[in-house]
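Each value in this text was obtained by applying a stated rule to the coordinates, not by laboratory testing. Fair warning: this is a prediction, and the values are worked out from it, not measured in the lab. Here the Cβ positions follow ideal geometry from the backbone for every residue, glycine too, while neighbour counts run over all protein chains shown.
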Amino acid sequence: MSAPVPAWKRRVELLLGAAAAAILMAMMLITVVDVVARYVFSRPLRGAFEITELMLVVLIFAGLPLVSFTDEHAVMDFIDRLLGSRGQRRLERWVQTANGVFMLLLAWLVWRKANTIWAYRDATDVLRILYGPFVYFMAGTLGLAGLIHLYKVGERR
């Protein structure tokens, strides 16, 4: 029998899940409006593709801390049965540490790229939406996911 999940963890999971669900719902609504406007009125929603593309980036990177927080990354557990419970705990701590370090490294690299993109004021073609804030968001969520993994290294289970 597993231990009960603390209330703060349930709230964080609910908040991250609700944000991801809201983004996905908005993407679906934009797509429906664009398709109806395109085929019924012959007037597509201007910039719908760009908005959907940017929302997809937000959805993926907003979901990353949620996946890290709930330990729902893809896992291959073929080595676990060869280890005892102590070895499994060590392996889990090592994997969480490696994930945290790599996520933080990626966050730093993406942040540097965001600085370059922001300096050039790169923007989408149709709506001229700046890419910079989205790339900073990517770096931030990578950093958050990295911190979550490092938190899990020391978390008592």
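So if each residue of separation counts as 0.36 nm, and I subtract the Cα-Cα distance between Leu147 and Asp77, what length gain in nm does that give?
Numbers: separation 70, 0.36 × 70 = 25.20 nm, distance 2.34 nm.
Roughly 22.9 nm would be gained on extension.
I need the calculated FRET efficiency for the pair Arg90 and Tyr120, taking r as the beta carbon distance and R₀ as 30 Å, to the nearest 0.05. It would help to have the intermediate numbers written out before the result.
Numbers: r = 46 Å, r/R0 = 1.52.
Calculated value: 0.05.
Which is the longest run of the chain containing none of the GluC sites (Glu not before Pro) found in DSSP loop states (not H, G, I, E, B) with at most 16 other C-beta atoms within 10 Å? Walk me through the numbers on the way to the answer.
Working: sites that count: Glu72, Glu155.
Between the exposed loop sites, the longest stretch runs 73-154.
Within segment 1-106, report the trypsin sites (Lys or Arg not before Pro) that DSSP leaves as loop and that have at most 15 other Cβ atoms within 10 Å.
On the way: sites: Lys9, Arg10, Arg11, Arg38, Arg46, Arg81, Arg86, Arg89, Arg90, Arg93; in loops: Arg46.
Filter output for segment 1-106: Arg46.
Applying the Karplus parametrisation 6.51 cos²θ - 1.76 cosθ + 1.60 with θ = phi - 60° to the phi angles of segment 48-56, what ³J(HN,Hα) value in whole Hz is obtained for each residue in order, glycine and proline being reported as x?
4, 5, 5, 4, 4, 4, 5, 5, 5
Quick one: angle between helix 7-40 and the longest Cα principal axis of the chain, in degrees between 0 and 90, rounded to 10, please.
Taking Cα atoms only, the helix is inclined about 30 degrees.
Rounding to the nearest 10 and keeping the result within 0 to 90°, find how far the Cα-based axis of helix 132-154 lies from the longest principal axis of the chain.
Between the helix axis and the principal axis of the chain, the angle is about 10 degrees.
Can you tell me what the convex hull of the Cα atoms of segment 19-157 projects to on average, as an area in nm²? Walk me through the intermediate numbers first.
On the way: hull surface 42.7 nm².
Dividing the Cα hull surface by four gives the mean projection, 10.7 nm².
Suppose only helical runs count, i.e. DSSP H with n ≥ 4. What mean residue ellipticity at 222 nm does that imply for the chain under -39500 (n - 2.57) per run, divided by all residues and rounded to the nearest 500 deg cm²/dmol?
Working: 4 runs with 115 residues, N = 157.
Dividing the helical sum by the residues of the chain leaves -26500 deg cm²/dmol.
Which net charge results when you count Lys and Arg as +1 and Asp and Glu as -1 among the other residues whose beta-carbon is under 13 Å from that of Leu54? All intermediate terms of the calculation are to be shown ahead of the outcome.
Details: positive: Arg128; negative: Glu50, Glu53, Asp122, Asp125.
With Lys, Arg at +1 and Asp, Glu at -1, the neighbours total -3.
What is the sum of charges, Lys and Arg at +1 and Asp and Glu at -1, for the other residues whose Cβ falls under 15 Å from the Cβ of Met138?
0
Report the net charge of residues surrounding Leu104, where surrounding means a beta-carbon distance below 14 angstrom and charges are Lys +1, Arg +1, Asp -1, Glu -1.
On the way: positive: Arg112, Lys152; negative: none.
Within the 14 Å Cβ shell, the charges total +2.
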